[in-house]
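What follows is one structure encoded as structure tokens, with my remarks underneath.
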Amino acid sequence: MKAFLVIVMLCLAANAAAGPQDGGASASAIPLRIGIFPRMAPDRMVELFRPLANWLGERLGRRVELESAPDLHAFWDRLKQGRYDLVHYNQYHYIKAHKLLQHRAILKNEELERSTIRSVIVVPADSPIVRVTQLRGRKLLFGGGKEAMVSYIMAVDLLRRRGLASGDYLQATTLTPVEALRFLYYGQGDAASGGDVLLRLDDMPWQASGRPPRVIALSRPIAQLPWAVTPSVSSEEEAQIRDALLSLNDSPKGQHILRLAKLTGLRPADDSDYDPARRIVARVLGEHY
């Protein structure tokens, strides 16, 4: 009987010792949640960034979940819900999330070998329009709605600087900036706005004809699209995520993954990089972040 009691006590002790270990394993199994803003159709964004998410998961030894949203407004709602740990978004959503939700910038895109981006106003290749003021009374396509930093907020700022107020033209909105440029090509408007890098995407409809939209106005550059971590991420985890993503720049496999995501690199970023974006948002929207 004594021997039996000893065995039972040893088993209980072993189970008690194993308890914290199981809890630790469960905690480490919590996935890293990545949110990617809908610059293009959400399914397309997830497809482009899936290899990058897989790379990050392998280096962190952690499962990674990746999602986008139907539009920018829905994406912001998900940010407010604290749905993500790592976020890739436009500059407007970042500066807003930094102030209101304590997000911390860690990286920014490099696209076409540049870590800055400009807003452009474009017209069809055969359009007689050569100046912004000729757009008075014309139909302009804005991609992404009023929360789109480059294709709406910066574009409106650019139009104002060239002498065109918001009431001077007809405004139409598409779900994404890429759609605005596509719709313009197919004759759905007189002009469109977008980021300068979008004109050189390799799957745009004008690739076959060789007649891309023609730029009639170009803004000053601001820092490229940011990546940031949310308060759910510790300083140690932040450094691990940043280093793992920066390592994409340093190997043929990593560079291939970047190309799949339409990037030429990822570069370190700091919150102050987005101060020019803050000034533009204040001018156009009257919002101060």
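The values are calculated or read from the model by the stated rules, or taken from the named source; none is laboratory data. Everything quoted here is computed from the prediction, not taken from an experiment. When we count neighbours, we look across all protein chains shown, and the Cβ atoms used for this are built from the backbone with ideal geometry, even at glycine.
Points to keep in mind about this one:
- Strands (runs of 3 or more DSSP E) contained in region 180-289 and holding at least 2 residues farther than 17 Å from ASN109 by Cβ and not hydrophobic (A, V, I, L, M, F, W, C): none
- Residue within region 183-192 that is closer than 27 Å to HIS103 by Cβ and of a type outside the set (A, V, I, L, M) present: no
- Qualifying residue in region 90-103 (condition: at pLDDT 95 or above, buried (at least 21 other Cβ atoms within 10 Å of the Cβ) and either of a type in the set (Asp, Glu) or closer than 19 Å to ALA172 by Cβ (or both)): no
- Restricted to region 166-217, and to residues there that are under 23 Å from ALA74 (Cβ atoms) and of a type in the set (S, T, N, Q), the residue that is surrounded by the fewest Cβ atoms within 10 Å (Cβ to Cβ) is GLN171.
- Given (1) buried (at least 16 other Cβ atoms within 10 Å of the Cβ); (2) more than 23 Å from ARG104 (Cβ to Cβ); (3) at pLDDT 95 or above, number of the condition PHE75 does not satisfy: (2)
- When each of ARG259, ARG214 is tested for being in the same structural domain as TYR89 (by TED's automatic domain parsing) and of a type in the set (Lys, Arg), the lone residue that passes is ARG259.
- Region 229-263 - residue that is of a type in the set (Val, Ile, Thr) and more than 25 Å from ILE153 (Cβ to Cβ) and, of those, surrounded by the most Cβ atoms within 10 Å (Cβ to Cβ): ILE241
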